[in-house]
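One structure below.
The values are calculated or read from the model by the stated rules, or taken from the named source; none is laboratory data. Quantities reported herein were computed from a predicted structural model and do not represent experimental measurements. Ideal geometry is used to build each Cβ from the backbone, glycine not excepted, and the neighbour counts take in all protein chains shown. All accessible areas refer to the heavy atoms of the entire protein, side chains included, with ligands and DNA or RNA removed. Shrake-Rupley method; radii C 1.70, N 1.55, O 1.52, S 1.80 Å.
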Amino acid sequence: GEVYVVGVDPEERGNGLGAASATTAIRGAGGEPMLLANPGGVDFPRSIVGSVGGRKALDIGNIGFSPTSVVGLEVGGANAGDFRIVSQSCTGRALNPDAKCAVEIEFLPRGPGYRSALLIATGTTPLGNSYTTAVLGGFARYAPTFVKEKELPIRPGTAFGVGGFGFPANAEVKIGFDDGSAPFATVTSSPDGTFLAQLTLPVRVRIGPRTLVATSSGGVVVG
């Protein structure tokens, strides 16, 4: 068998004492191989949570000595919901020896950080079943957007509307000024990372030009 590691970015890799590491034992049964995914590991471009991070294609080939049929294609693993099969030419047909079919995968991350999954192809022949896998991976981050209803000067004690999208789901979003003062309001984003709120500018606030900012676990964004 072969082992593929994808998504190892030099900037993301830990170094020195205390660096993160992972160890696993890999076991399997021997037999005549029939299917092979090429490439065996696919890295997607860095993406924004909730946005399509690109598409990649790979081949499933018959490397055996007799015809086989691909009877199943699925995505599994830790972040299976972040990867979607958008097209494929594998199921419902026979693959002769040395023939191959194509699978196109879309990366739509649901959370930040490194996301990974497995593409699993299952085949059948008169001699038995076979399968192959390909590792899917990619990094994602939040890119929140914050907007306010009024661009004109707002008087202390005046109500105004704010909104945002691209924030973490069901997260606290603190709203204040960019001068280091404490936030004066907190709203909660919806399950899709958006919010709309009607706020009131504090009565006791220093007069002068000020910029509103929204802060959440996804970062700080200027309004």
Exercise for review: Could you order 175, 120 by accessible surface area, starting with the largest, using a probe radius of 1.4 Å?
Suggested key: 120, 175
Practice item. Grab the beta carbon distance between residue 102 and residue 65, set R0 = 22 Å, and tell me the FRET efficiency rounded to 0.05. Key: 0.45
Review point. How much accessible area per residue does the stretch 24-140 have, in Å², with a 1.4 Å probe?
Key: 51 Å²
Review point. Summing +1 for each Lys or Arg and -1 for each Asp or Glu, what net charge is found among the other residues whose Cβ lies under 15 Å from the Cβ of residue 82?
Key: +4
Practice item. From largest accessible area down, sort 74, 106; use a 1.4 Å probe on the protein chains. Key: 74, 106
Exercise for review: On the protein heavy atoms, probe 1.4 angstrom, tell me the percent of accessible surface of the stretch 87-173 carried by carbon and sulfur.
Suggested key: 53 percent
Practice item. Provide the per-residue ³J(HN,Hα) series for the stretch 137-144, in order, calculated from phi with Karplus coefficients 6.51, -1.76, 1.60 and θ = phi - 60°, each as a whole number of Hz, with x at glycine and proline positions. Key: x, x, 9, 9, 9, 7, 9, x
Practice item. Quick one: what are the phi-derived ³J(HN,Hα) couplings along the stretch 77-86, Karplus 6.51/-1.76/1.60 with θ = phi - 60°, whole Hz, x for glycine and proline? Key: x, 4, 10, 4, x, 8, 10, 9, 7, 9
Check your understanding: Counting only heavy atoms of protein chains, what accessible area per residue, in Å², does the stretch 151-206 have with a probe of 1.4 Å?
Key -> 61 Å²
